[in-house]
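J.: Take a look at this one; I'll ask things after.
The values are calculated or read from the model by the stated rules, or taken from the named source; none is laboratory data. Bear in mind that the values here come from a model prediction, so they are computed numbers and not experimental data. Ideal geometry is used to build each Cβ from the backbone, glycine not excepted, and the neighbour counts take in all protein chains shown.
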Amino acid sequence: MALVEELAKKRGYSIEIEDVGKAGRIERLIAERLRGVTTFPVLSGPGSRRLEGIEQFTEEQICEMMPSELSNVRAFTYVKVRGGDLDRIRSALLDFDQVKEIHLLTGDWDVFLVLEFSSGASRKREVLDFVTEKIRGIAEVLDTSTLVPEFSVSKFPS
């Protein structure tokens with residue numbers, strides 16, 4: 001329940017956790033049983049979506065029921081490249097609308113990208129498809145590692 005409350009607060013949702021232990025436990029159990037509930041706890045969401053039983057209360061399931069209200073989704077990708085023309089690689093990366101920032105690095109990774117996508121239900125899939133098809137499609141790219149935050153706070157203007 002703490003996970004539900006925490007995620008709801010971060011995503012701007014106002015929720016009320018009803019504790020059947022406070023009062024009317026028998027009446028509540030009977031009412032829920034009549035509605036077909038067999039496993040507790042229960043989380044009811046929009047469109048009659050329900051999670052029943054603690055095993056369904058995963059962060060992924062809860063986040064699907066409470067989508068983020070962010071206008072855009074950002075992702076961060078580390079890129080390892082084979083030696084070559086860095087100007088050509090930079091130019092190829094900048095040709096993608098989703099690439100908002102490019103940072104050349106020292107260390108294990110050569111490039112750090114800030115990517116931005118329109119918000120949507122399949123945002124993680126969209127990021128994965130973009131990185132595997134477009135970024136890895138550049139001949140000099142050897143490897144990538146991508147992070148997709150669930151929630152972000154930024155001081156930069158959006």
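J.: For segment 74-99, enumerate the residues that are in a strand (DSSP E or B) and either under 14 Å from residue 145 (Cβ atoms) or modelled with pLDDT under 95 (or both).
T.: 74, 75, 76, 77, 78, 79, 80, 81
J.: Got a sec? Which of 29, 43, 34 is over 30 Å from residue 100 (Cα atoms), surrounded by 14 or more Cβ atoms within 10 Å (Cβ to Cβ) and at pLDDT below 75?
T.: 43
J.: Could you run through segment 100-144 and say how many residues are in a strand (DSSP E or B) and either surrounded by fewer than 17 Cβ atoms within 10 Å (Cβ to Cβ) or within 23 Å of the chain's Cα centre (by Cα) (or both)?
T.: Residues that pass the stated criteria total 16.
J.: Still on this structure, please answer the following. All but one of (1) modelled with pLDDT of 75 or more; (2) within 21 Å of residue 147 (Cα to Cα); (3) under 24 Å from the mean Cα position of the chain (by Cα); (4) among the charged types (D, E, K, R) hold for residue 69, so report the exception by its number.
T.: (1)
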